[in-house]
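Novice: Take a look at the following structure, please.
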Amino acid sequence: MTTAPATLYETDFYAWTRHQARELRRLKELRLNVELDLDHVAEEIEDLGSAVRKSVRSQVCRVLEHFLKLRFSPSSNPRRAWRLSIAEARRELKDDLTGALRRDARAKLKHLYAEARRMAILSLEEYAEEEAARLLPETCPWTLDDVLRDDWYPKSSLPPLPPTP
């Protein structure tokens, strides 16, 4: 049994955009005499879904980057800002994450972690934390469930730096 398009729209917008684009292309093949630019309408609907998928991937990457900094940076000052950024990203994910996009994020987690790690290295090096940057693991130590879990943050593995005068 397939899901009705109206229900799919409410439950999984990304899957709905893919389904609607397929149906519009199928409609075009019927060669009805209508003044609809079905190719472009289908493309625009697909692009809407792709934009949501890009946003979900970006937010997962953002959380992972800040997880790395929380875990490996000895700095104490920016920690609250990192936690706030994670909370904001999780809020965005709650709005956008559907079943199809959850599966996509889980499948792309290795790639998203690699991007997050690269960004965390650049950020740590910018603040002369080369040692912390060298400690970042090559493989992701967290699951997608960790990324999405409210009020959970990795604990630091390094002693804090002394306050700067």
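The values are calculated or read from the model by the stated rules, or taken from the named source; none is laboratory data. Since the structure is predicted, the reported quantities are computational estimates derived from the model, not experimental observations. So basically every Cβ, Gly included, is an ideal-geometry build from the backbone, and we count neighbours across all protein chains shown.
Novice: Here are Arg57, Arg53: which of them is touching a residue at least 40 places away in the same chain (Cβ under 8 Å), more than 30 Å from Arg134 (Cα to Cα) and either surrounded by fewer than 18 Cβ atoms within 10 Å (Cβ to Cβ) or under 13 Å from the mean Cα position of the chain (by Cα) (or both)?
Specialist: Details: Arg57 fails: more than 30 Å from Arg134 (Cα to Cα).
Unique residue meeting the criteria: Arg53.
Novice: Only one of these conditions is not met by Thr17: (1) touching an Asp or Glu at 6+ places or on another chain (Cβ under 8 Å); (2) under 30 Å from Glu129 (Cβ atoms); (3) of a type in the set (Ser, Thr, Tyr); (4) assigned to a helix (DSSP H, G or I). Which number is it?
Specialist: Unmet for Thr17, out of (1) touching an Asp or Glu at 6+ places or on another chain (Cβ under 8 Å); (2) under 30 Å from Glu129 (Cβ atoms); (3) of a type in the set (Ser, Thr, Tyr); (4) assigned to a helix (DSSP H, G or I): (2).
Novice: Specify the residue that is farthest from Leu97 (Cα to Cα); the eligible residues are those in the range 27-52 that are charged (D, E, K, R) and assigned to a helix (DSSP H, G or I).
Specialist: Filtering the range 27-52 for residues charged (D, E, K, R) gives 28-29, 31, 35, 37, 39, 43-44, 46-47.
Then drop every residue that is not assigned to a helix (DSSP H, G or I), which leaves 28-29, 39, 43-44, 46-47.
Values: Lys28: 31, Glu29: 33, Asp39: 27, Glu43: 22, Glu44: 20, Glu46: 17, Asp47: 17 Å.
Restricting to residues being charged (D, E, K, R) and assigned to a helix (DSSP H, G or I), the top hit is Glu29.
Novice: Oh, and also: Please tell me if Leu24 is outside any helix (DSSP H, G or I), of a type in the set (A, V, I, L, M, F, W, C), modelled with pLDDT under 95 and farther than 28 Å from Ser157 by Cα.
Specialist: Numbers: outside any helix (DSSP H, G or I): no; of a type in the set (A, V, I, L, M, F, W, C): yes; modelled with pLDDT under 95: yes; farther than 28 Å from Ser157 by Cα: yes.
Considered against the rule, which asks whether it is outside any helix (DSSP H, G or I), of a type in the set (A, V, I, L, M, F, W, C), modelled with pLDDT under 95 and farther than 28 Å from Ser157 by Cα, Leu24 comes out as no.
Novice: Okay, moving on. Please specify each residue of the range 96-109 satisfying the condition of being touching a residue at least 40 places away in the same chain (Cβ under 8 Å) and assigned to a helix (DSSP H, G or I).
Specialist: Scanning the range 96-109 gives Asp96, Gly99, Ala100, Leu101, Arg102, Asp104, Ala105, Leu109.
Novice: Would you check if Arg117 is at pLDDT 95 or above, basic (Lys, Arg) and more than 30 Å from Leu8 (Cα to Cα)?
Specialist: Judged against the criteria, Arg117 is a match.
Conditions (1) touching a Gly at 6+ places or on another chain (Cβ under 7 Å); (2) farther than 28 Å from Arg117 by Cα; (3) surrounded by 20 or more Cβ atoms within 10 Å (Cβ to Cβ), marked per residue:
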position: Thr11; (1), (2), (3): no, yes, no
position: Glu23; (1), (2), (3): no, yes, no
position: Arg31; (1), (2), (3): no, yes, no
position: Asn77; (1), (2), (3): no, no, no
position: Leu101; (1), (2), (3): no, no, yes
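Novice: How many residues does the range 64-95 hold that are within 12 Å of the chain's Cα centre (by Cα), more than 17 Å from Leu122 (Cα to Cα) and in contact (Cβ under 8 Å) with a residue 60 or more places away in the chain?
Specialist: Of the residues in the range 64-95, 2 are within 12 Å of the chain's Cα centre (by Cα), more than 17 Å from Leu122 (Cα to Cα) and in contact (Cβ under 8 Å) with a residue 60 or more places away in the chain.
Novice: Also: So which residues in the range 118-133 are at negative phi and outside any helix (DSSP H, G or I), if there are any at all?
Specialist: Within the range 118-133, Tyr127, Glu129 qualify.
Novice: For the range 143-151, check the following and say yes or no: at least one residue is at pLDDT 95 or above, assigned to a loop (DSSP other than H, G, I, E, B) and within 30 Å of Arg18 (Cβ to Cβ).
Specialist: Yes - at least one qualifying residue is present in the range 143-151.
Novice: Arg90 - would you say it is in contact with a Leu (Cβ under 8 Å, 6 or more places away or on another chain) and assigned to a helix (DSSP H, G or I)?
Specialist: Criteria met by Arg90.
Novice: Looking at (1) in contact with a Leu (Cβ under 8 Å, 6 or more places away or on another chain); (2) without any contact (Cβ under 8 Å) to a residue 12 or more places away in the chain, can you tell me which one Arg117 breaks?
Specialist: Only one criterion is unmet by Arg117, namely (2).
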